[in-house]
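The structure appears right after this line, and notes come after that.
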Amino acid sequence: VYFFVTSDQVFTLQNRLVTLAVQNAALSIVMHYSRVSTPPALSYSPASAVLLNEILKGSISFLIALSRVREVAETPWHRKSLWGIVCALPYPGTKPFWSLCADIFSPDCWKLSIPALLYVVQNSLQFVAISNLPVASFQVTYQMKILTTAAFSVALLRKRLSSTKWLSLLFLALGVGIVQIQTSDGGAGHAGPKHTTVGSAHDFHVHVMNPMKGFGAVTLACFTSGLAGVYFEMVLKNSRADLWVRNVQLSLFSLIPALLPIIYSERPANSQGFLLDLFRNFGAWAWATVGIQVFGGLVTAVVIKYSDNILKGFATSLSIVLSFLASVFLFDFRITPSFVIGASTVLSATWMYNQPPGKEPIISLSSTTS
Ligand code: C5P
């Protein structure tokens with residue numbers, strides 16, 4: 001909370017970029033390890049992780065929003081120390097608490113239900129994708145988000161793209177295609193069955209990945225990411241509500257789709273009650289995954305508010321390099337020429353897409369926007 005409250009001062013442009021890149025790379029590595037390192041029977045529930053992510057993100061956003069309510073923010077010593085912020089947080093029943101609640105339950109809060117649903121679907125699909133693909137292939141294919149974000153921006157926000165940007169999107173799809181084809185063939189990484197020794201010889205198990213299922217999930221996640229991102233941008237830019245209030249609304253609406261699969265899932269034979277079942281097999285790696293996801297969600301919100309999607313795209317493309325290097329050391333990822341060609345094409349396309357607008361002619365998908 002302290003980090004995000006004081007982020008205006010400590011978060012420089014470069015800090016945001018590097019933080020998001022490291023977070024992206026760390027998330028894919030830790031999430032992948034948390035899924036493949038234990039036999040399926042001893043694995044935690046992704047639905048619980050998605051729910052926990054929303055509860056924690058919403059609670060932290062609520063505390064930040066509370067610290068920004070005028071009566072609290074005006075406390076002169078409030079920004080100076082962590083203790084100052086804790087002391088400044090008012091208790092339920094005080095004026096700042098109720099004025100914040102009024103903001104959260106404003107008449108237009110329903111608008112956040114659409115990105116909330118999309119983000120829950122996306123966060124769930126991410127678990128399917130990362131369990132069935134090598135980390136580096138997942139990261140490269142996930143770059144298709146840029147393509148879907150551009151398409152939804154043109155369709156919904158009536159944005160215009162230069163010919164250079166369209167060309168770079170074409171290269172992006174080409175690069176993803178190259179990585180995809182050779183990963184499906186089992187050419188790179190460990191797309192085939194993966195052997196992981198856990199603890200003792202007794203725990204030894206084989207984690208079988210299904211690249212087709214992984215690519216299907218990541219492709220769908222790219223669509224939800226693009227649509228949710230553009231919709232969130234639309235809601236933010238069309239109102240004056242505080243970003244953290246919007247984040248609380250987003251998390252509140254996310255609780256419904258995040259809870260549904262848990263309520264309707266089959267209870268285990270040796271059920272120990274709802275809460276204990278929810279956190280069954282929730283070990284250190286599962287908590288680390290949720291922690292990095294929560295942090296990432298909050299950093300994404302800060303990046304959207306104080307910077308833009310261009311910076312976000314750059315950060316994720318940087319994370320490809322980080323995940324790739326980490327995969328070589330941690331998961332015995334095998335470097336093949338076609339992976340290098342595909343990944344380089346994606347990186348170059350991302351760089352090209354993020355170039356400031358030049359003098360090139362503008363082309364558009366629809367005649368009304370040209
Ligand atoms: O990959 P992408 O940038 O679309 O991922 C966005 C992630 O950040 C999602 O996990 C989403 O839940 C989270 N997010 C958030 N708050 C926002 C926007 C995104 O927690 N305001």
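The values are calculated or read from the model by the stated rules, or taken from the named source; none is laboratory data. Just so you know, these numbers come straight off a predicted model, no measurement behind them. When we count neighbours, we look across all protein chains shown, and the Cβ atoms used for this are built from the backbone with ideal geometry, even at glycine. Keep in mind that these areas ignore ligands, DNA and RNA; they rest on the heavy atoms of the full protein, side chains included. Shrake-Rupley method; radii C 1.70, N 1.55, O 1.52, S 1.80 Å.
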> Which entries of Lys57/Lys213; Lys159/Lys237; Lys145/Lys237; Lys111/Lys145; Lys57/Lys145 show an alpha-carbon separation above 19 angstrom in the structure shown?
Replying inline: Lys57/Lys213; Lys145/Lys237; Lys111/Lys145; Lys57/Lys145
> In square angstrom, rounded to the nearest 10, how much accessible surface does Trp110 have for a 1.4 Å probe?
Replying inline: 140
> Working out 0.36 nm times the residue gap between Phe274 and Thr336, then minus their Cα-Cα distance, what length gain in nm do you get to one decimal?
Replying inline: 17.7 nm
>> For Lys159, what residues show an amide H to amide H distance below 5 Å, using hydrogens built from the backbone and excluding near sequence neighbours?
In response: Val154
> When only the heavy atoms of the protein chains count and the probe is 1.4 Å, how do Ser59, Ser162 rank by accessible area, highest first?
Replying inline: Ser59, Ser162
> Top to bottom by accessible area (1.4 Å), largest first, where do Cys222, Cys101 land?
Replying inline: Cys101, Cys222
> Please identify the trypsin sites (Lys or Arg not before Pro) of region 202-289 that satisfy two criteria: DSSP loop assignment and at most 11 other Cβ atoms within 10 Å. Which are they?
Replying inline: Arg240
>> Whole-Hz ³J(HN,Hα) for each residue in region 49-61, computed from phi via Karplus 6.51 cos²θ - 1.76 cosθ + 1.60 with θ = phi - 60°, x for glycine and proline: what do you get?
In response: 5, 5, 5, 4, 4, 5, 5, 5, 4, x, 5, 5, 4
